[in-house]
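Peer 1: Provided herewith is a single structure, encoded as structure tokens, for subsequent inquiry.
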Amino acid sequence: MERAQPSETTRDRLLVIAPVAAAAVLAVAMVGVALVAASTLRERDAAVRDGVLGRAGHELESRLRESGPEGATEVLGAFVLERRGTLAGAAVAGPAGIVASAGATDGVPFEMPGMLGRDWRDVIGRGPGRGPMAGRGGAGPSLLVVRLYPAAAFGRETRLADALLLGAVVAGAGLLGFAFFAARGLAERRRAELLEVERQRLDALALAGAGLAHRIRNPLAAIKGTAQLMAEEPASPAGPRAARIVEASGRIEDLVSQLLRFARPPEPVAEPFDLAALAREVAGEGGGIRVEGATSVRAVGDTAYAREILEELIANARALDTSGDVLLSVREEGDRSVVEVLDRGPGLSVDPEKAFDPYVTTRPAGTGLGLPIVRALARTSGGDVTLSAREGGGCLARLSLPGGGH
């Protein structure tokens, strides 16, 4: 079984979504890597900090062992002063609390067991042989600890980690923004390419149709004129047939006129006008058509073109919706002014875009040129006409024009 190929619409959507999705994945990956790197930097800084404080603690321990409890305060003060960029304070603490200190002793300290020798035994209330110290003559674990209180800035430098994380977030956001605008650019370019292809196709078709229409006009005029003369002779047995020829010739003339207009629509006269008022006027002329939405909607375009477009869309709706339940809805959408013609007919039986191809029609006795002409008229004023399925059944025909405030 042959696999269905993706439609143009699906490919166009993928063209827009793919770069944004790829950028989003890359941005998340960048932020994730930055988080890991920032965490590693902080762990490294913490390890370096603990190593520096550990070496300083061992040096202080050696000095306190030499000075004994009597000179502890002086030793602590000198030690803190020597390392004022690293330490805010230092202390020796026992089971009952701080024994000696210097500098600021607030915050969480770095602690290590203090192997200070037997000179400190009276400080913690243990006599000889009771062994408050481990090693160097002691017989048990030390009950003294050396506390070092780091300076506020020491070992807490996070600017590099923060900058790394912030840079990743900014780069990720920039990448997403760039991908979004690039995707919009791709979508606009794709849309412009499709419009150009469609324009070229319609131009070629219109040119061929216009040439054919001109070639048809002269022989058609001769056929119609001859048939009219024959129809004017009541005694002629060919009179009724000639009348039918005249009628058919009139329909062909209408078709030729539409084809020529499709080939060369006249230049619009763009001016501000009230689209809501025009919709109510056309609906009133049609009879039995409800209008809802804004009471006043400013638009810019050719008023005569807008009227012709609405009349054609209403005629199509009524031809397909025999119940006559046709509704007009008028509103503003951003910088666009919109009027919708809604019916409860059978809905669209062809692709909405195919309905604008010349000679494609589902309307009884339709020529297939009405929708191509109204779209051409709308686009000459910077607007458009589109079709879509109406929620709950039926069809929605939409005319959009530039808003009057822009």
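The values are calculated or read from the model by the stated rules, or taken from the named source; none is laboratory data. Everything quoted here is computed from the prediction, not taken from an experiment. Counting neighbours? That spans all protein chains shown, and the Cβs are built from the backbone with ideal geometry, glycine included. Ligands, DNA and RNA are stripped out before the accessible areas are found, and what is left, the full protein with its side chains, is counted by its heavy atoms. Shrake-Rupley method; radii C 1.70, N 1.55, O 1.52, S 1.80 Å.
Conditions tested, residue by residue: (1) assigned to a helix (DSSP H, G or I); (2) surrounded by fewer than 17 Cβ atoms within 10 Å (Cβ to Cβ); (3) modelled with pLDDT of 70 or more; (4) of a type in the set (Gly, Ala, Ser).
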{"site": "156", "(1), (2), (3), (4)": "no, yes, no, no"}
{"site": "173", "(1), (2), (3), (4)": "yes, yes, yes, yes"}
{"site": "180", "(1), (2), (3), (4)": "yes, yes, yes, no"}
{"site": "183", "(1), (2), (3), (4)": "yes, no, yes, yes"}
{"site": "188", "(1), (2), (3), (4)": "yes, yes, yes, no"}
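Peer 1: Scan segment 321-334 residue by residue and report those that are at pLDDT below 85 and of a type outside the set (Ser, Thr, Tyr).
Peer 2: From segment 321-334, those at pLDDT below 85 are 321-325; that's our starting set.
321, 324, 325, listed by residue number.
Peer 1: Quick one: in segment 87-105, of everything that is touching a residue at least 60 places away in the same chain (Cβ under 8 Å) and farther than 15 Å from residue 145 by Cβ, which residue is most open to solvent (accessible area, probe 1.4 Å)?
Peer 2: Restricting attention to segment 87-105, the residues satisfying the condition of being touching a residue at least 60 places away in the same chain (Cβ under 8 Å) are 87-89.
Applying the additional criterion that residues be farther than 15 Å from residue 145 by Cβ yields 87-88.
On the way: 87: 6, 88: 39 Å².
Ranking the qualifying residues of segment 87-105, first place goes to 88.
Peer 1: Provide a single number: the residues in segment 62-86 that are closer than 15 Å to residue 104 by Cα, open to solvent by 50 Å² or more (accessible area, probe 1.4 Å) and in contact (Cβ under 8 Å) with a residue 40 or more places away in the chain.
Peer 2: 2
Peer 1: Which condition breaks for residue 379 when tested against (1) touching a residue at least 40 places away in the same chain (Cβ under 8 Å); (2) under 30 Å from the mean Cα position of the chain (by Cα); (3) part of a helix (DSSP H, G or I)?
Peer 2: Of (1) touching a residue at least 40 places away in the same chain (Cβ under 8 Å); (2) under 30 Å from the mean Cα position of the chain (by Cα); (3) part of a helix (DSSP H, G or I), only one is false for residue 379: (1).
Peer 1: Look through 19, 6 and report the one residue that is at pLDDT below 85 and surrounded by fewer than 13 Cβ atoms within 10 Å (Cβ to Cβ).
Peer 2: Numbers: 19 fails: surrounded by fewer than 13 Cβ atoms within 10 Å (Cβ to Cβ).
Unique residue meeting the criteria: 6.
Peer 1: Tell me which of these residue 35 doesn't satisfy, since it passes every other one: (1) without any contact (Cβ under 8 Å) to a residue 40 or more places away in the chain; (2) under 30 Å from residue 179 (Cα atoms).
Peer 2: Going through the list (1) without any contact (Cβ under 8 Å) to a residue 40 or more places away in the chain; (2) under 30 Å from residue 179 (Cα atoms), residue 35 breaks only (1).
Peer 1: A follow-up question, please. Taking the conditions exactly as written (within 22 Å of residue 42 (Cβ to Cβ), at pLDDT 80 or above and of a type outside the set (A, V, I, L, M, F, W, C)), does residue 109 satisfy them or not? Write out each step before concluding.
Peer 2: Values: within 22 Å of residue 42 (Cβ to Cβ): yes; at pLDDT 80 or above: yes; of a type outside the set (A, V, I, L, M, F, W, C): yes.
When the stated conditions are applied, residue 109 passes them.
Peer 1: Take residue 199 and tell me if it is in a helix (DSSP H, G or I) and modelled with pLDDT under 70. Explain how you work it out, then say what you get.
Peer 2: Working: in a helix (DSSP H, G or I): yes; modelled with pLDDT under 70: yes.
Judged against the criteria, residue 199 is a match.
Peer 1: Okay, next question. If you go through segment 277-320 one residue at a time, how many are among the charged types (D, E, K, R) and in contact with a strand residue (DSSP E or B) (Cβ under 8 Å, 6 or more places away or on another chain)? Step through it out loud before you land on a result.
Peer 2: Let us first name the residues in segment 277-320 that are among the charged types (D, E, K, R), namely 280-281, 285, 290, 292, 298, 302, 307-308, 311-312, 318.
Going one step further and asking which of them are in contact with a strand residue (DSSP E or B) (Cβ under 8 Å, 6 or more places away or on another chain), we end up with 280, 290, 292, 298, 302.
Going through segment 277-320 one residue at a time, the tally reaches 5.
Peer 1: Over 27 Å from residue 152 (Cα atoms) and modelled with pLDDT under 85: is that true of residue 37 in this structure?
Peer 2: No; evaluated as a whole, the condition is false for this residue.
Peer 1: Among the residues in segment 136-151, are any modelled with pLDDT of 70 or more, open to solvent by 30 Å² or more (accessible area, probe 1.4 Å), touching a helix residue (DSSP H, G or I) at 6+ places or on another chain (Cβ under 7 Å) and of a type outside the set (Asp, Glu)?
Peer 2: Taking segment 136-151 first, the residues modelled with pLDDT of 70 or more are 143-151.
Of the ones still in play, those that are also open to solvent by 30 Å² or more (accessible area, probe 1.4 Å) are 143, 145, 147.
Restricting the remaining residues to those that are touching a helix residue (DSSP H, G or I) at 6+ places or on another chain (Cβ under 7 Å) gives 143.
Those left that are additionally of a type outside the set (Asp, Glu): 143.
Checked segment 136-151: at least one residue is modelled with pLDDT of 70 or more, open to solvent by 30 Å² or more (accessible area, probe 1.4 Å), touching a helix residue (DSSP H, G or I) at 6+ places or on another chain (Cβ under 7 Å) and of a type outside the set (Asp, Glu).
Peer 1: Further, regarding this structure: Please state which of the following conditions residue 360 fails to meet, knowing it meets all the rest: (1) in contact with a strand residue (DSSP E or B) (Cβ under 6 Å, 6 or more places away or on another chain); (2) open to solvent by less than 60 Å² (accessible area, probe 1.4 Å); (3) over 14 Å from residue 386 (Cα atoms).
Peer 2: (1)
Peer 1: Let me ask another. Among residues belonging to segment 256-293 that are farther than 21 Å from residue 336 by Cα, open to solvent by 40 Å² or more (accessible area, probe 1.4 Å) and small (Gly, Ala, Ser), point out the one that is modelled with the lowest pLDDT.
Peer 2: 257
Peer 1: Report, by residue number, each residue of segment 321-352 that is more than 22 Å from residue 285 (Cβ to Cβ) and touching a strand residue (DSSP E or B) at 6+ places or on another chain (Cβ under 8 Å).
Peer 2: Within segment 321-352, the first condition is being more than 22 Å from residue 285 (Cβ to Cβ), and the residues that meet it are 332-336, 346-352.
Once the filter is applied, which keeps residues that are more than 22 Å from residue 285 (Cβ to Cβ) and touching a strand residue (DSSP E or B) at 6+ places or on another chain (Cβ under 8 Å), segment 321-352 yields 332, 333, 334, 335, 336, 347, 348, 352.
Peer 1: Give me the residue from segment 335-376 that is in a loop (DSSP other than H, G, I, E, B) and under 29 Å from the mean Cα position of the chain (by Cα) and, out of that set, modelled with the highest pLDDT. Spell out how you get there, then give the answer.
Peer 2: Step one: list which residues in segment 335-376 are in a loop (DSSP other than H, G, I, E, B), which gives 335, 343-353, 357-369.
Within this subset, residues satisfying the condition of being under 29 Å from the mean Cα position of the chain (by Cα) are 335, 351-353.
On the way: 335: 89, 351: 83, 352: 83, 353: 85.
Across segment 335-376, the extreme among qualifying residues is 335.
Peer 1: Then there's this: Within segment 224-252, how many residues turn out to be open to solvent by 90 Å² or more (accessible area, probe 1.4 Å), more than 56 Å from the chain's Cα centre (by Cα) and either at pLDDT 70 or above or charged (D, E, K, R) (or both)?
Peer 2: Of the residues in segment 224-252, the ones open to solvent by 90 Å² or more (accessible area, probe 1.4 Å) are 229, 232-235, 237, 241, 244, 247, 251.
Applying the additional criterion that residues be more than 56 Å from the chain's Cα centre (by Cα) yields 229, 232-235, 237, 241, 244, 247.
Pick out the ones that are also either at pLDDT 70 or above or charged (D, E, K, R) (or both) and you get 229, 232-233, 237, 241, 244, 247.
Matching residues across segment 224-252 total 7.
Peer 1: Taking the condition of being open to solvent by 10 Å² or more (accessible area, probe 1.4 Å) and more than 14 Å from residue 383 (Cβ to Cβ), how many residues in segment 328-342 meet it? Let's see the steps before the verdict.
Peer 2: Our first condition is that a residue be open to solvent by 10 Å² or more (accessible area, probe 1.4 Å); within segment 328-342, this holds for 329, 331-336, 340, 342.
Checking which are more than 14 Å from residue 383 (Cβ to Cβ) leaves us with 329, 331, 342.
Total satisfying the criteria: 3.
Peer 1: Identify all residues within segment 294-319 that are open to solvent by less than 60 Å² (accessible area, probe 1.4 Å) and more than 23 Å from residue 379 (Cβ to Cβ); write none if there are none.
Peer 2: Answer for segment 294-319, where residues must be open to solvent by less than 60 Å² (accessible area, probe 1.4 Å) and more than 23 Å from residue 379 (Cβ to Cβ): 294, 319.
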